[in-house]
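Working notes, beginning with the structure itself.
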Amino acid sequence: MRLRFDKTAKEKISQHPTLIRTYERDESENLTAYFARNHPLEVEIGSGKGRFIYTKAQTHPEHDFFGFELFDSAIVKGLNKTIKQPLPNLLWVRADAQYLSRFFDQNSLQTIYLNFSDPWPKARHEKRRLTHPSFLSQYAALLNDEGHVEMKTDNHDLFFYSRDTFLSEGWTLMEESHDLHQTDRPNIMTEFEERFSKTGPIYYLKARRH
Ligand code: SAH
């Protein structure tokens, strides 16, 4: 699903520094204490247009949330939601999650969400998958004792690649479904999920490192 390049996005983003932070290439900043309180911290990597993390933040005021997204044209849609109705517990972060471990202290995150991540099907692009061992070791260091990763995808191959990688990297699967919408698990639909669940099942897993 390609998003039209939005040439007004960059300017809009620059006008709302309290709602969204931007970091070029390998720039970073420690955001662990951003909300300056002791709420559990939850991060979505690749938040796209932002419906999932916005809804999470709206329904969980006792947690603090960060939506990490690479592209202005996608994250500006989320930004528009918070311009209309600001949430005190959500920050948009336009940055490359490759550098996630520079943004947070070790043992500081409660949940990392991966929703409909790019599958990068070619073997030579394996390193770009957000469940490559190099990403999983960053997540392991960032998650706290009760911390976990939750992943949803419509992509069979990415799901089983990820499942295998979690297990071979020493993670424990806490939950798994090969057809999430047939379960009674509470679920917030993402934009991609709404589209892709029309043509096949949604895979889900929840994993912890310890
Ligand atoms: N979670 C959304 C979007 C899924 S598409 C939904 O389910 O609707 C995957 C998104 O991940 C894209 O918007 C892409 O730009 C973003 N993304 C991919 N790699 C990323 C990275 N390294 N850091 C931040 N965002 C990334």
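The values are calculated or read from the model by the stated rules, or taken from the named source; none is laboratory data. All figures in this text were calculated on a predicted structure; none of them were measured in a lab. As a convention, Cβ positions derive from the backbone with ideal geometry for all residues, glycine included, and neighbour counts pool all protein chains shown. Note: areas computed on protein heavy atoms with side chains; ligands, DNA, RNA excluded. Shrake-Rupley method; radii C 1.70, N 1.55, O 1.52, S 1.80 Å.
Among residues of the range 96-118 being surrounded by fewer than 18 Cβ atoms within 10 Å (Cβ to Cβ) and within 14 Å of the ligand (Cβ to nearest atom), the one that is farthest from the chain's Cα centre (by Cα) is Arg102.
For the range 15-30, the set of residues classified as in contact (Cβ under 8 Å) with a residue 40 or more places away in the chain and in a loop (DSSP other than H, G, I, E, B) consists of His16, Leu19, Tyr23, Arg25, Asp26, Glu27, Ser28, Glu29, Asn30, listed by residue number. Tallying residues that are part of a helix (DSSP H, G or I) and under 15 Å from Leu205 (Cα atoms) within the range 140-167 yields 12.
Being among the hydrophobic types (A, V, I, L, M, F, W, C), more than 18 Å from Pro121 (Cα to Cα), touching a strand residue (DSSP E or B) at 6+ places or on another chain (Cβ under 6 Å) and more than 12 Å from the ligand (Cβ to nearest atom): is that true of Leu173 here? Yes: the conditions hold for Leu173.
Filter the range 188-209 down to the residues that are in a loop (DSSP other than H, G, I, E, B) and under 16 Å from Phe159 (Cβ atoms) and list them by number. Across the range 188-209, the qualifying residues are Thr190, Ser197, Thr199, Gly200, Pro201, Ile202.
Once the range 64-95 is narrowed to residues that are part of a loop (DSSP other than H, G, I, E, B) and within 15 Å of the ligand (Cβ to nearest atom), the residue that is most open to solvent (accessible area, probe 1.4 Å) is Phe71. Of all residues in the range 131-151, those satisfying the criterion of being touching a helix residue (DSSP H, G or I) at 6+ places or on another chain (Cβ under 7 Å) and open to solvent by 10 Å² or more (accessible area, probe 1.4 Å) are His132, Pro133, Ser134, Gln138, Ala141. Residues that are open to solvent by 80 Å² or more (accessible area, probe 1.4 Å) and of a type in the set (A, V, I, L, M) were ranked within the range 1-43; the one that is modelled with the highest pLDDT is Ala36. Residues that are in contact with a helix residue (DSSP H, G or I) (Cβ under 7 Å, 6 or more places away or on another chain), within 18 Å of Ala33 (Cβ to Cβ), hydrophobic (A, V, I, L, M, F, W, C) and in contact (Cβ under 8 Å) with a residue 60 or more places away in the chain within the range 71-126 comprise Trp92, Phe104, Leu109, listed in sequence order.
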